[in-house]
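The block underneath contains the structure these notes are about, expressed in structure tokens.
The values are calculated or read from the model by the stated rules, or taken from the named source; none is laboratory data. Keep in mind the model is a prediction, meaning the values are calculated, not measured. FYI the Cβ positions are ideal-geometry reconstructions off the backbone, even for glycines, and counts take in every protein chain you see.
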Amino acid sequence: MPEIKHVFNQGKMNKDLDERLVPNGQYRDAMNIQVSTSEGSDVGVVQNILGNANLFPENQIAPGSVCVGAIADEKNNCFYWFVYHSTKNLILKYDGRHITFVFVDTENVLKFNSTITTGINIIDDFLLWTDNTSEPKKINIKRCIDGTYPSGSHHTNLIVPKKNITIENCIKVREEHITVIKKYPKSKLHLDPTYVERNEATTTFDFDSDGNDELMQVGQEGQMYFDNFQPNNTFWNVGDIILLNPQDSIKQLPENYQVRIRITEQILLSDGLYRFKILSISDITSKSLISYNCEKEVENLIFTRKFVRFGYRYKYEDGEYSSFSPFTEVLFNPGEFEYNSTEAYNKAMENNLISLKLRNFLTKETPEDVVQVDILYKGSNSPVVYIVDKIKYNDTDNTLVSGQQVNFWHANLYEIKSDLIYAVVSENQLLRAWDNVPKKALAQEVTGNRVVYGNYEQNYDMNIKPILNGDIVSRYNNNTTYLNNYFLNNTDIPVPFSNPIASSYGQRSLKSLRNYQLGVTYLDEYGRETPVFTSVGAGFEVPKRFADNKIKIEGKIDTLPPS
């Protein structure tokens, strides 16, 4: 008998012609089949499609639920689909054998509605989608399954293994945890610097070892009274190194000294009694009871001739980095005016910084899925940003807070004692003010390892132009500024105190003979910024007569912010 052979490589269903006239490559009718359209050798092959099956015989899904999106994961031989209901939204997974609740939403976090979602992609363990009604979203499939109860009865909880956050912590997933755009820190670091202070005192002591007419040696310990502390109400701390020189010596401290000791214990602070250990002692030191001038040894200075700023950024559980926080004000504290006529410059214009504590990089607004904070450094003479250090939740304990040894993460502070820098931040991060993700988009696709959006909406309409006013005012009222002292090194317990301004020390001010213009930008919840707005009243000039004044800018916005 002759063999009749038909192929369906055109992949068309033709209902217009009689079945005897349908061309080869097309077909008249089909049920539960699909025709392969691949570019391989199996093009045109007819394959069976499985029929429908009831996967929820126990009614785990509420009546009236609607499927609003689906995608196949051919790599893992499964598929996912989105279910919308007015009381509970779901993301489900089926692998041919089991139904798995990937995400259960009872808080309207997923923002599903009856509109079909077409922009869905899978990249490794990530499921990304956009529905043209809310922020584009992304979830980590494995962690969402771990945070969802198998019964699907409760809202999915946040899982962050690097911070030991499990389903038992009962932190419900919020929209900010699953959006493609990630929040960046909007507050500056709090600076807690330690500057050089010339602490002085006097003492009367004999370095006779046990009355044997022998000079005390290096390593020996003793007790010593100090008085006449300058400035007043100062004292020595344990670990301070003190230089001693006889009061009748023509040589001056700190360049010249006879004895160098370390304070090992504060025995009676009110009476100035301390225990000390000798670090070095001159052979010409007297063994008789004589008076000494004492001065605290100055530690090594850091960033001596640099105007430096500090910032930070977040790293999230899935590896995303946020954009930078605002940088701090310039950290520079000059000494007392001292003009050197020989070298022809003011020798005080060096930064008297010994150490610096950067505080409050973790705030109440810090997302729970942040697992690392990068401390950033920037000089005034270069746009390059450097990483000082990377702070993690499980780092080794390395600082003392409230009498307990904790790490920098839990102390919410980072201490800098040298000007060594860790690494340079990638150049493509320097101009990244925020994540340029659209507010909503209809289409989404993956191309070249990048997620791209189509038919999207971005930016905001400003119906009312902001009105600003700016002027100059005195920077220090009554020549007083206010600083914070942190009780027991606790960042959460700042104790403000007044600090009088010394006329012989340089202070912050504005440059005179300059024109200034204030501007304002508005941010949304995720940090997207508007352009800079300004107005006529926001400009002003600082005349020459204010050159010797300590002034600052005062600004005011007379219009309400956009809602």
D105: among the acidic types (D, E) and within 16 Å of V173 (Cβ to Cβ), yes or no? yes
Could you check the stretch 28-113 for strands (runs of 3 or more DSSP E) lying wholly inside it with 1 or more residues that are surrounded by 12 or more Cβ atoms within 10 Å (Cβ to Cβ) and modelled with pLDDT under 70? 33-35, 46-48
So Q223 fits all but one of (1) within 21 Å of the chain's Cα centre (by Cα); (2) loosely packed, with under 15 Cβ neighbours inside 10 Å; what number is the exception? (1)
Name the single residue, out of those in the stretch 482-519 being farther than 30 Å from A538 by Cα and of a type in the set (A, V, I, L, M), that is farthest from the chain's Cα centre (by Cα). A502
Return the residues of the stretch 417-463 that are in a loop (DSSP other than H, G, I, E, B), over 24 Å from E176 (Cβ atoms) and of a type in the set (S, T, N, Q); say none if nothing qualifies. S418, S426, N449, N463
Report, by residue number, each residue of the stretch 547-563 that is surrounded by 13 or more Cβ atoms within 10 Å (Cβ to Cβ) and either at pLDDT below 90 or in a loop (DSSP other than H, G, I, E, B) (or both). A547, N549, K550, T559, P562
Meets criteria (exposed (fewer than 10 other Cβ atoms within 10 Å of the Cβ) and either touching a residue at least 24 places away in the same chain (Cβ under 8 Å) or of a type in the set (A, V, I, L, M) (or both)) for K544: yes
Pick from K142, K138: which is at pLDDT 95 or above, over 24 Å from the mean Cα position of the chain (by Cα) and basic (K, R)? K142
Can you find even one residue in the stretch 307-323 that is closer than 24 Å to K188 by Cβ, among the β-branched types (V, I, T) and in a loop (DSSP other than H, G, I, E, B)? no
